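Okay, structure first, notes after.
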Amino acid sequence: MTDTDGASPHDPIAKILAGGEFDPQGDLAKTMGLEYLEASPERVVGRMPVKGNTQPYGLLHGGASCVLAESIGSAGAALHAGPGRIAVGIEINATHHRSATEGYVTAVATQVHGGRTLATYDIVITDDQDRRVCTARLTCMLRDAPSGG
């Protein structure tokens, strides 16, 4: 889902955009081909192609896994924060378990803490054979949206 114009209320992107402060696609996520499949404050699912997101040896770039993890975790935190608030990533860590060379990787972000000022997500990234490629944890600071924009 890269085009949010005319999105239905069941579209996970539409849910995130409802508050107006957060563009879950962002330029980097669009460039990397990120698609959102499911989105709620408790769980966000997204995927991206391996092709175009590799390092010089043809393996999925570890930084691409981190972008995927931070993107979907931040989307969940933005949904948790609610209208008039924003989510800003303040810490991410990732363990890369195996390589991926083709197909898609799918990430599932699960909320482990949802407070007033912080939200933390565990993110598991798997390949098309459901093998774990990466495990990440993201913490976002939740704040009031800046006035005027």
* Structure fact -> Taking segment 90-132 and keeping residues under 24 Å from P49 (Cβ atoms), outside any strand (DSSP E or B) and not acidic (D, E) leaves H97, R98, S99, A100, T101, G103, Q129, R131
* **Every residue from segment 114-127 that is over 18 Å from V67 (Cβ atoms), hydrophobic (A, V, I, L, M, F, W, C) and either loosely packed, with under 13 Cβ neighbours inside 10 Å or under 15 Å from the mean Cα position of the chain (by Cα) (or both)** => A119
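Mind checking which residues of segment 55-69 are in contact (Cβ under 8 Å) with a residue 40 or more places away in the chain, out of contact with any His (no Cβ under 6 Å at 6 or more places or on another chain) and surrounded by fewer than 23 Cβ atoms within 10 Å (Cβ to Cβ)? Break it down stepwise before answering.
Going through segment 55-69, the residues in contact (Cβ under 8 Å) with a residue 40 or more places away in the chain turn out to be 58-60, 62, 65-66, 68-69.
Still in the running and out of contact with any His (no Cβ under 6 Å at 6 or more places or on another chain): 58-60, 65-66, 68-69.
Matches in segment 55-69: G58, L59, C66.
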* Any idea which residue in segment 128-148 is farthest from the chain's Cα centre (by Cα), counting only those that are free of Cβ contacts under 8 Å to residues at least 40 places away in the same chain and over 14 Å from I86 (Cα atoms)? -> Q129
* To do: For L138, indicate whether it is part of a helix (DSSP H, G or I), surrounded by 15 or more Cβ atoms within 10 Å (Cβ to Cβ), modelled with pLDDT of 95 or more and in contact with a helix residue (DSSP H, G or I) (Cβ under 8 Å, 6 or more places away or on another chain).
  => no
* So Q111 clears everything in (1) surrounded by 18 or more Cβ atoms within 10 Å (Cβ to Cβ); (2) within 24 Å of D27 (Cβ to Cβ) except one condition, right? Which one? -> (2)
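The values are calculated or read from the model by the stated rules, or taken from the named source; none is laboratory data. Computed from a prediction, not measured in an experiment: that's the story for all the values here. Backbone-built Cβ (ideal geometry, glycine too); neighbour counts: all protein chains shown.
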